[in-house]
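This report concerns only the one structure given below.
Each reported figure results from applying straightforward, stated rules to the coordinates on display, with no laboratory input. Since this is a predicted model, take the numbers as computed values, not measurements.
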Amino acid sequence: MKISKIYRNSIILSMQNMYVFLFTIGIYFVYIPWNLDRLNITETDLGL
C-alpha cells in the first residue's frame, strides 16, 4: 500500500510539532525549577 506524499508530509510535520511542544514543556519543568534553586529566588519573584 503506497502512502501519498501529502499524508507522509503531514505525519512528519505532526512529529516535528510534537517534538517542539514536548521540548518546551521539558524546559519548563526541568530548567525553571533548577534555575530557581540555583538563583535562590521564589516563584513569586519570577512571576509564576
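Can you give me the angle between helix 5-39 and the longest principal axis of the chain, using Cα atoms only, in degrees from 0 to 90, rounded to the nearest 10? So the helix axis and the longest Cα principal axis differ by about 10 degrees. Among the listed values [x] 32, 28, 12; [y] 41, 27, 7; [z] 57, 16, 10, the one matching Cα extents along the principal axes in Å as calculated from this structure is [z].
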